Amino acid sequence: MSQVTETEERLLIEAAQQDPSRFAELYDQNFHRVYAFVARRVRDRAEAQDLTAHVFHQALANLGKFKWRGAPFVTWLYRIASNAIADQARRKLREAGEPADLGFDASVSNELEAVERSARLFSEVEKLPEDQRRVIVSRFADEMSIREIAAMLGRSEGAVKQLQFRALENLRNRLSDN
C-alpha cells in the first residue's frame with residue numbers, strides 16, 4: 001500500500017464524488033486501516049467484517065456530503081466506524097434487555113477525540129521535511145527498525161536516530177502550539 005499525498009487523496013475524493021465507481025480507489029487505500037480499527041474494538045471476526053463493510057457502504061452513500069477539512073480521509077471513516085460500533089453495542093444491549101445507556105456515548109466521544117488528535121498528528125507529519133517524514137512514517141506506521149530505515153535511506157543508524165529525534169521534537173512543538 002503506497003502513501004498518498006494530501007493533494008492526491010483530495011483529488012481521489014473529488015473524483016469519487018463525481019463518479020462513484022472511483023470510490024474503489026479510496027476503499028483499497030483505506031480498507032486495512034478501517035478493518036484493523038474495527039477489529040481492535042470488536043473481537044468477533046465476522047462482526048468486524050460486517051461492520052467494516054457497513055462503514056464503507058455508509059461512506060459511499062454519504063460521500064457527497066463529505067467536506068475536505070485537511071484531515072486524512074481515513075479520519076472520516078474512523079468516525080463512521082466508531083458510530084457503527086456504538087450503535088451495534090446499543091442494539092445488542094436492547095436485545096438483551098439491558099438499559100441502553102451504559103456510557104457508550106462517553107466512550108464514543110473519547111474515541112472521536114482520539115481520532116481528531118490522530119488526524120491532527122497525521123496532518124503535522126505531512127508538513128515535516130521529507131527526510132524526517134519518511135523516518136517517522138517508516139518507524140511508526142510501517143514499524144521498521146532503525147537499521148532497516150538506515151538501509152532504505154542509505155544513511156547511518158546514528159543519522160536516522162537524529163532525524164527521528166528532530167522530527168519528534170518538531171511534532172511536539174507544533175502540537176503544543178495548537
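The values are calculated or read from the model by the stated rules, or taken from the named source; none is laboratory data. Worth saying up front: this structure is predicted, and the values here are computed from it rather than measured. So basically every Cβ, Gly included, is an ideal-geometry build from the backbone, and we count neighbours across all protein chains shown.
Which one of these is outside any helix (DSSP H, G or I), among the aliphatic types (A, V, I, L, M) and either at pLDDT 85 or above or over 14 Å from the mean Cα position of the chain (by Cα) (or both): Ala100, Ala36?
Numbers: Ala36 fails: outside any helix (DSSP H, G or I).
Just a single option satisfies the conditions, and that option is Ala100.
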query = Consider Lys92 against the criteria (1) over 14 Å from the mean Cα position of the chain (by Cα); (2) assigned by TED's automatic domain parsing to the domain that holds Phe31; (3) modelled with pLDDT of 90 or more: it satisfies all of them except one. Which criterion is unmet?
reply = (3)
query = Which residue pairs have Cβ atoms under 7 Å apart, sit 6 or more places apart or on different chains, and have a first residue in the range 66-88 that is over 17 Å from Tyr35 (Cα atoms) and a second that is among the β-branched types (Val, Ile, Thr)?
reply = Phe66/Ile13; Trp68/Ile13
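Give the range 42-53 a look and list any residue that's buried (at least 17 other Cβ atoms within 10 Å of the Cβ) and either touching a residue at least 24 places away in the same chain (Cβ under 8 Å) or closer than 14 Å to Leu26 by Cβ (or both), or say none.
Val42, Leu51, Thr52
With the requirement that a residue be among the basic types (Lys, Arg) and either more than 15 Å from Glu126 (Cα to Cα) or surrounded by 17 or more Cβ atoms within 10 Å (Cβ to Cβ) (or both), what does the range 146-177 give you?
Our first condition is that a residue be among the basic types (Lys, Arg); within the range 146-177, this holds for 147, 155, 161, 166, 172, 174.
Selection gives Arg147, Arg155, Lys161.
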key: Unmet requirement for Asn62, which otherwise passes all of (1) of a type in the set (S, T, N, Q); (2) over 18 Å from Ile13 (Cβ atoms); (3) surrounded by fewer than 18 Cβ atoms within 10 Å (Cβ to Cβ)   = (2)
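Please state which one of Arg10, Arg90 is basic (Lys, Arg), assigned to a helix (DSSP H, G or I) and under 25 Å from Arg120 (Cβ atoms). Spell out how you get there, then give the answer.
Working: Arg90 fails: under 25 Å from Arg120 (Cβ atoms).
Being basic (Lys, Arg), assigned to a helix (DSSP H, G or I) and under 25 Å from Arg120 (Cβ atoms) holds for just one of Arg10, Arg90, which is Arg10.
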inquiry  = As an exercise: evaluate Arg43 against (1) within 21 Å of Arg120 (Cα to Cα); (2) assigned to a loop (DSSP other than H, G, I, E, B) and give the number of the one condition it does not meet.
reply    = (1)
message = Quick check on Glu116: is it charged (D, E, K, R), surrounded by 13 or more Cβ atoms within 10 Å (Cβ to Cβ), modelled with pLDDT of 90 or more and out of contact with any Asp or Glu (no Cβ under 9 Å at 6 or more places or on another chain)?
response = no
